[in-house]
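This report refers to the structure that appears directly beneath it.
The values are calculated or read from the model by the stated rules, or taken from the named source; none is laboratory data. In this text the structure is predicted, and so the values were computed from the model without any measurement. Cβ coordinates were reconstructed from backbone atoms using ideal geometry, including for glycine residues, and neighbour counts include every protein chain displayed. Ligands, DNA and RNA are stripped out before the accessible areas are found, and what is left, the full protein with its side chains, is counted by its heavy atoms. Shrake-Rupley method; radii C 1.70, N 1.55, O 1.52, S 1.80 Å.
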2 protein chains.
Amino acid sequence: MPNAHFLRAPHVATADAPVRRDHGGDLDAAMAHFGGAAQDWIDLSTGINACPYPVPPVPEAAWTRLPTRADMARLAAAAAAAYGTTAPLVPLAGAQAAIQLVPLLDSPGEAAVLAPTYNEHRAALEARGWRVREATHVRDLAGADLAVVVNPNNPDGRLHAPADLLALGEKVGRLVVDESFMDMTPEASLAAYAARRGLIVLRSFGKFYGIAGLRLGFALGSGPDIDRLADLAGPWPVSGAAIAIGCRALEDRVWARETATRLKAEALRLDRLATSAGWRCAGGTDLFRLYEVPDAVAARAHLARAAIWVRIFPWSRTLVRLGLPGRAAHWARLAAALERRAE
Amino acid sequence: MPNAHFLRAPHVATADAPVRRDHGGDLDAAMAHFGGAAQDWIDLSTGINACPYPVPPVPEAAWTRLPTRADMARLAAAAAAAYGTTAPLVPLAGAQAAIQLVPLLDSPGEAAVLAPTYNEHRAALEARGWRVREATHVRDLAGADLAVVVNPNNPDGRLHAPADLLALGEKVGRLVVDESFMDMTPEASLAAYAARRGLIVLRSFGKFYGIAGLRLGFALGSGPDIDRLADLAGPWPVSGAAIAIGCRALEDRVWARETATRLKAEALRLDRLATSAGWRCAGGTDLFRLYEVPDAVAARAHLARAAIWVRIFPWSRTLVRLGLPGRAAHWARLAAALERRAE
């Protein structure tokens, strides 16, 4: 196997390779433990919309040419309109790409992350020399050189009011607000305030639009910070397909409104199924739901035997996170599996 | 204009924004100066193959899902086979993405770049705190903490023998060999040696395959270096489309051989046209040719009036670089424009 090292190293922990953070969306693990082929599984281990924006045909030039300045500006304008902001912003290869770059904006110091949350923030900060402490209340983030709040939070859906975060911004060197799951609650977004000095707002494209493989997200902030992030990302940070598809989807505000409405109803539907099975609602957003169960590992294994893959967390024995099923057949399979659980 | 700042800042130099390096491939500049719409222009300002690999249909899951470990491993295996190496490698969003990350591997020190060459190496190193000196001979790179050789070089096509570069590798802290234009001369590649300590080899996918908008490239190196680059890039550094299309294209060795043969013949054809117009061949690769002309600005303007966009360089008044035309009609338009030049 010519790339044996790659197979093992960048994604699997070994004695001499860095430990990779656990994530949803990796069916390889499900198949390795429980068998089956990818097409047999219902993947509810992510918060990615299972009813994606219809992917339009990609123009040939988007494949063959390097994106131009005009292409990038068009995408930036579409994102600014969709997110309701006049703040400077830069397109990046997913909110994840922004998470990789933000720790490079300042000299490393003390960072504070509102936890538990998406584990890549802490990892990216530590990899670049930051000391990271975790806090469970917003007030305990005060004083940090850099503070991270995922809003709404993943996985518990905790939502912070803009005023509270803006007040926090005055008490930290830099405030990073990761709004990867904000599309369903735009009234709580800080996008409109992102030009304030020291504030960075991250947006994900792939989750709400259900096109996570495209790798598209945005960082919003002050002019100097966005210039610096654009410089760190280099020219052509996103693909021609991301520009073509991203523009089309972000400009379609009707789809966004209808999708937010649909997701809200379906999140309630999932809660009803889960509570009928004896699970307790523990939060979430309209793209994923968090439940408290007697034994998270057992609950995941139960659903996995029905080829349904859900997310559990290394820091909790009782929490299970489920994305929303898409097709009717997937809802039916999940309902049946949860019913068997309740019996 | 909501994103007025973006429009101006990340790509256009202003008093308070960083100066962006000049690049080929940006027809916006051509249109701003000479008019016309994008479809009117023949863009020969890049070294991107104008007869691209036929883009296969992208499977739906490549759009909607996050790439899995198995997807990434499949792409890595295809690249390793195509590049003839067993060295560890990591897929990235273009060779450019690797150029952005390589300066982060070590603490900044003194870097030496074999020049003149692709200007992003120096820029990325300086942006991350390296002192950069330029050298015109390989021997003058010795002693640097980090040395960069673009092989074959852009724009003059200078090709260094593997033995010479391996010897240089013993005399520098780290040797970065950018093989973005190596697909036509695989016998000169260091890919097979890339696992040697301190060596990093960069490969571009988009140029030879003519799919530059896809954003795909590879970094090859020792296990610890590739682990670190993968960590700096974060999970999901390339899109699902890049994995699907990249695997298919890299596995098609027949297309690669036939394309290398075609490009070789067409590079000679371009040289004949140019020398007939009184231009002197000054090097290049089989994806672009470099010519010495009496006045580079005038030569570019002459071709621009025929809606043909070529590359000139801020550091030379006499050099013009042309990519190879694709379609027969484009060859004919270029021939006619060069003939008028000769008259």
- Query: How far is the Cα center of the range A:176-206 from the Cα center of the range B:224-262, in Å?
  - Reply: 33 Å
- Task: Give me the angle, in degrees from 0 to 90, between the Cα long axis of helix B:240-251 and the longest principal axis of the Cα atoms of chain B, rounded to the nearest 10.
- Result: 80 degrees
- To the nearest 10 degrees, the tilt of helix B:69-83 (Cα long axis) against the first principal axis of the alpha carbons of chain B is 60 degrees
- How high is the relative contact order of chain B, in percent, counting Cα pairs under 8 Å that sit 6 or more residues apart? 22 percent
- With no solvent term and unit scatterers on the alpha-carbon positions of the range A:60-251, Debye gives log₁₀ I(q)/I(0) at q = 0.12, 0.13, 0.15 Å⁻¹ of -0.53, -0.62, -0.82
- Task: Summarise the partner chain shielding of A:43-53 as one whole number: the mean count of Cβ atoms from other chains within 10 Å of each residue's Cβ.
- Result: 2
- Picking from B:S276, B:S204, B:S189, which is most flexible by a Gaussian network model of chain B using Cα springs under 10 Å? B:S276
- Residue with peak Gaussian network fluctuation, chain B [Cα springs, cutoff 10 Å], from B:L168, B:L202, B:L324: B:L168
- Message: Test of understanding: what is the full-extension gain from A:A163 to A:S316, defined as 0.36 nm times their sequence separation minus their Cα-Cα distance?
- Response: 52.0 nm
- Query: Taking only C-alpha pairs under 8 Å that are 6+ residues apart, what is the relative contact order of the range B:60-251 in percent?
  - Reply: 30 percent
- Query: Based only on the alpha carbon positions, what is the Kirkwood hydrodynamic radius of the protein assembly as shown, in angstrom?
  - Reply: 26.2 Å
- Task: For chain A, set up a Gaussian network in which alpha carbons nearer than 10 Å are linked by springs, and say which option among A:A167, A:A147, A:A233 fluctuates the most.
- Result: A:A167
- Task: Would you kindly work out, in nm and rounded to one decimal, the distances from the label point of A:K264 to those of the same position in each other copy, ordered shortest first, with label points 7 Å along Cα-to-Cβ?
- Result: 6.6
- Note on the structure: Of the convex hull enclosing the alpha-carbon atoms of the range B:47-141, the direction-averaged projected area in nm² is 9.2 nm²
- Query: Using a probe radius of 1.4 Å on protein heavy atoms only, what is the accessible area buried between chains A and B, both sides summed, to the nearest 100 Å²?
  - Reply: 6100 Å²
- Prolate/oblate/rounded call for chain A, Cα gyration tensor, a/c under 1.5 rounded: rounded
- Query: On the accessible surface of the range B:60-251, probed at 1.4 Å, how many percent belong to carbon and sulfur atoms?
  - Reply: 50 percent
- Item | Nonlocal amide H pairs with A:A135, under 5 Å, H built at 1.01 Å | A:V113, A:L114, A:A115
- Message: I'd like the residues of the range B:86-106 whose 1.4 Å-probe accessible area shrinks by no less than 50 Å² going from the isolated chain to the full set of protein chains.
- Response: B:Q100
- Message: Can you tell me which aspartates and glutamates have their Cα less than 17 Å from the Cα of A:K171? Leave out same-chain residues fewer than eight positions away.
- Response: A:D106, A:E110, A:E134, A:D140, A:D145
- Tilt, helix A:253-276 to longest principal axis of chain A (alpha-carbon atoms), in degrees rounded to tens, equals 40 degrees
- Around B:G198, with a cut-off of 12 angstrom between Cβ atoms, what is the net charge of the other residues, counting Lys and Arg +1 and Asp and Glu -1? 0
- The answer for the net charge of residues other than A:W255 whose Cβ lies under 12 angstrom from its Cβ, with Lys and Arg +1 and Asp and Glu -1, is 0
- Item | Distances in nm from A:A163 to the matching label points in the other copies, shortest first (labels 7 Å along Cα to Cβ) | 7.7
- Message: I'd like to check one number: the per residue accessible area of the protein assembly as shown, probe 1.4 Å, reported in Å² as a whole number.
- Response: 37 Å²
- Inter-copy label distances at B:H330, 7 Å along the Cα→beta-carbon direction, one decimal in nm, shortest first? 4.0
